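To keep things clear, I will list the structure first and then write my remarks on it.
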Amino acid sequence: MTDDDKQQQQQQQQQQKQQEKEEIQELLTFFDNTTASSQPAVLSVDTLLHNLSTTCSPKKIFESIVPHIFHKDPKHQQAAETLFVSIISHKPLWLSDAATVMLSYVRSLTQEKGLDSSDSGIKEESSRMIHCIIFYPSTLKLMISQMSHTSVSIADLFSTTLETLCLLQPDEITDTVLDMLSSTLSSTSSSSLSSPMAVPDDATLMIRYYTLYFKIISAPTIKNNVNAKYQNVLMKPFLKALENDQDPLLQMGLLEILEQTSSMREDFFQNWCEPELDRALLKMVGQQVVPTQQHPCKKVQIQSTGSGIGGSGGDFHPFCSGAALRLLAIREHYQFLDRNDFVQVLMDYGGRNASAGEVEKIGFIDGITTFCCHFDNSDDNSNRNSNVDLILQNQELLNEWLTLRMGQSKLKAVVMNSVARVLEVKELLHSSRLELYQMIGKVNDVGRGEDTTQIIMQYVKGQVVELRLAAYGILTAVANVRMGAHMLMKFGGFFEFLCNRNLEIVKEGKELKYGLVMAVWNSEVKGLLADDIVRALEQVVLDGPFYVKQVRDVALE
């Protein structure tokens, strides 16, 4: 290409940019004229789209319109919104661009996601935007209606936009959005999508709406009284769907939402005193609530529909029982049961699943692990350890939880990873964590006098990668417990194992083994070791996880 051709191409590009700029300016001039007039102008979308050159992309059109949708002047805002909706109705394929631009603009109002109105990062534009939305909620209504779109990406874009708006100004916008969600979710009797705010009995739409609802109320900037205000209205269809055994996929989706919410804001879910929720969760794990006259402090008691540890049968949910058990494990204010009752639930569930499949066994292990790792932040140190102590006092549960005598390697790895998770909870007493580790040997010893470390070392030196990685995890976890590294270093051959860099050949395994070395190196046991042992460990630390000993070949004539 010659210099003249390059110069001509640059001139064409500049002319194209200038043309786009003038066409966009035409839209901006229209909005300025609308603001100055006493009546909103009559919009001719066909004429507008015809006049716009094909070089003006849909994204650029919406980038010029969206800021005016959030304008402080009501006539300005109404004109912009009318144009926005009209263009989408004429060009449905442009909706994805519209949603993308809308989310991008809302995010641009904050320097980082999650700022509220008291933060200095909120730009001046946000105050004008909030004023318009509160008094003219049609924009929010438009975004909520698009959450029922058949395109998942478009629905997610508008959902994220609403969530960001609530984080931006929680006090002003949250009530408006939750009012609309309440109206939407309470209109389940309508099965038509002709009304933008009508929601049919559709599992996908329920999951979308409740995902947004729980994200809003679990945000750190949202006050607890907001949740209490909308809980009764919004949770009735939620609990009704949760009890509908005819739609297990919907039940699984709702339970996943609860688990995600509990991980983001535990105080919301722990203190959520909802008896119907407890009743539904208990039903899924094969328990029923019955009246009682035997206990003076309880009006009801929990009765198993199965046979318990060592029994058979049972009426637990085939798909949702594991998730329900984990949720019950973190429920601090049980409506029908206390911690001792939940231990009995674990025994019943574990017994009925003893001869069941892999999924049910993993669900039981997850439930007992969650129970041991969970404690109320308001508890003192002794009470924080109560869940683990309850499990350690129950040999039947320990036998069901810690057994490594099953044939599947995956289940053995799950057990070791489960114990490692509990050992990593620093708030628990060191003595209880070491006792749990030692219980693995007592449960799995078949009369040969093997302790836990001896059993775990067999797996860490074995050929199954999955088991080796899990063994590294549990050894590292116990090494980080006070006196845990002492216990490991007393095992014959453990020091030589740490220093041998030729045993592990998998990249992830090398990294995990190096993590074990670092845990021992940073423990108190280092001060009790001989100097030559300390120097050898230090050399392993300095060499790093991927050290390979160089072998020099000498050429001989």
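Residue ranking by accessible heavy-atom surface, 1.4 Å probe, largest first, among TRP401, TRP521 comes out as TRP521, TRP401. Here the simple spin-label model places points 7 Å from the Cα toward Cβ, and for GLU396 and GLN454 these points are separated by 3.0 nm.
For a Förster distance of 30 Å, can you work out the FRET efficiency between the beta-carbons of ASN417 and SER182, rounded to the nearest 0.05? Efficiency for this residue pair is about 0.15. Computed with a 1.4 Å probe over protein heavy atoms only, the accessible area of HIS317 comes to about 20 Å². Just the accessible area for ILE362, please: 1.4 Å probe, Å², rounded to the nearest 10? For ILE362, the solvent-accessible surface is approximately 40 Å². Residue order by solvent-accessible surface for GLU276, GLU524 is GLU524, GLU276, largest first, with ligands and nucleic acids left out and a 1.4 Å probe. Loop-resident trypsin sites (Lys or Arg not before Pro) (DSSP state other than H, G, I, E or B) in the range 55-88 with no more than 15 further Cβ atoms inside 10 Å of their Cβ: LYS72. For the range 455-557, a simple Cβ point-charge model (Lys and Arg +1, Asp and Glu -1, everything else neutral) yields a dipole of about 260 debye relative to the Cα centre. Taking 7 Å steps out from each Cα toward its Cβ at PHE319 and GLU511 produces label points 3.4 nm apart.
The modelled label-to-label distance between SER108 and LEU528, using points 7 Å beyond Cα along the C-beta direction, is 6.3 nm.
The values are calculated or read from the model by the stated rules, or taken from the named source; none is laboratory data. Note that the structure is predicted; figures quoted are calculated from it, not measured. Don't worry about glycine lacking a Cβ; one is built from the backbone with ideal geometry, like all the others, and counts go over all protein chains shown. Side chains included, ligands, DNA and RNA excluded: accessible areas come from the protein's heavy atoms. Shrake-Rupley method; radii C 1.70, N 1.55, O 1.52, S 1.80 Å.
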